[in-house]
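Q: Please see the structure below; I have some questions.
The values are calculated or read from the model by the stated rules, or taken from the named source; none is laboratory data. Being a predicted model, the structure only gives us computed values, none of them experimental. Quick reminder, even Gly has a Cβ in these numbers, built from the backbone with ideal geometry, and neighbours come from all protein chains shown. Note: areas computed on protein heavy atoms with side chains; ligands, DNA, RNA excluded. Shrake-Rupley method; radii C 1.70, N 1.55, O 1.52, S 1.80 Å.
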Amino acid sequence: MTLKDLNIDSSWTLFLDRDGVINKKLEDDYVKHTTEFEFIDGTLNALRMLNPLFKTIVVVTNQQCIGKKIIFPQDLDLIHQNMMYEINYLKGRIDKIYHSPYLAIENHPTRKPSIGMALQAQQDFPHIDFNKSIMVGDSMSDMEFGRNAGMKTVYISPEAKVDARIDFNFKSLIYFAHSLTQL
């Protein structure tokens, strides 16, 4: 299967993980402040390129740093406000950000790989059809989330990975965006 086979048009939805897809992931740490948030090279350009290709673009991110009491929800809101400002300023778009503040051990239905955040997005945007959605992430939990909801999956990593839960591999979001604009 290739991206072209999907017949992606402007009725599709793009689900994006945050850490490792949009911004640089901090090893064994969390982004706790706006000064620690750093876009991955090419991401802002990728979001500008993806803007006209999808009807809806949402971020779904596990943020157990809230559950661990490392940051407050207001801190995460500020990080996301700054992120959205930069994205919008450079003509990109994210329609909404969903986060799950729960600890992994809580097994909460909104925490990936469970599909609670996808269902929240579908409630907010009733036109979302998971069969016409793509989940882009950098972890197997993201791939399971996409699979569990019936989406196509895109794995972001410098090294391609072969796994039944992965439909497509790309080195970064900008590589994915370039491949879509060349269809």
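Q: Given a Förster distance of 25 angstrom, what is the FRET efficiency for residue 175 paired with residue 9, based on the Cβ-Cβ distance and rounded to 0.05?
A: With R0 = 25 Å, the Cβ-Cβ based efficiency is 0.75.
Q: Turning to a different aspect of this structure: How about residue 96: which lysines have a C-alpha closer than 19 Å to its C-alpha, ignoring those fewer than 8 places off in the same chain?
A: Output for residue 96: 55, 112, 132.
Q: Can you bin region 16-74 into rounded, prolate or oblate? Criterion: square roots of the alpha carbon gyration tensor eigenvalues sorted a ≥ b ≥ c, rounded for a/c under 1.5, prolate for a/b above b/c, oblate for the rest.
A: Taking the square roots of the gyration eigenvalues as a ≥ b ≥ c, region 16-74 is prolate.
Q: Taking 0.36 nm per residue of sequence separation and subtracting the Cα-Cα distance, how much length would be gained by fully extending the chain between residue 26 and residue 127, in nm to one decimal?
A: 32.9 nm
Q: Calculate for the chain the 222 nm mean residue ellipticity that helices alone would give, adding -39,500 (n - 2.57) per DSSP H run of length 4 or more and normalising by residue count, nearest 500 deg cm²/dmol.
A: -9000 deg cm²/dmol
Q: I would also like to ask the following. Take the alpha-carbon centre of region 75-92, take the same for region 111-183, and report the distance between them in whole Å.
A: The distance from the Cα centre of region 75-92 to that of region 111-183 comes to 21 Å.
Q: Mind listing which GluC sites (Glu not before Pro) in region 93-183 are in a DSSP loop and have 15 or fewer other Cβ atoms within 10 Å?
A: Listed in order of number, the matching sites are 159.
Q: Tell me the label-point distance for the pair residue 34, residue 82, using the 7 Å Cα-to-Cβ offset, in nm and rounded to one decimal.
A: For residue 34 paired with residue 82, the spin-label model returns 0.6 nm.
Q: For region 91-183, just say rounded, prolate or oblate: build the C-alpha gyration tensor, square-root its eigenvalues into a ≥ b ≥ c, call rounded for a/c under 1.5, and beyond that prolate if a/b exceeds b/c, oblate if not.
A: oblate
Q: A further question follows. Which of rounded, prolate or oblate describes region 29-183 when judged by the alpha-carbon gyration tensor and an a/c cut-off of 1.5?
A: rounded
Q: Could you do me a favour and compute the accessible area per residue for region 75-183, 1.4 Å probe, result in Å²?
A: Per-residue value: 50 Å².
Q: I would also like to ask the following. Quick one: dipole size for the chain, taken about the Cα centre, charges +1 on Lys/Arg Cβ and -1 on Asp/Glu Cβ, in debye to the nearest 20.
A: 340 debye
Q: With a 1.4 Å probe and every protein chain kept in, tell me what percent of the accessible surface of region 25-150 is carbon plus sulfur.
A: 51 percent
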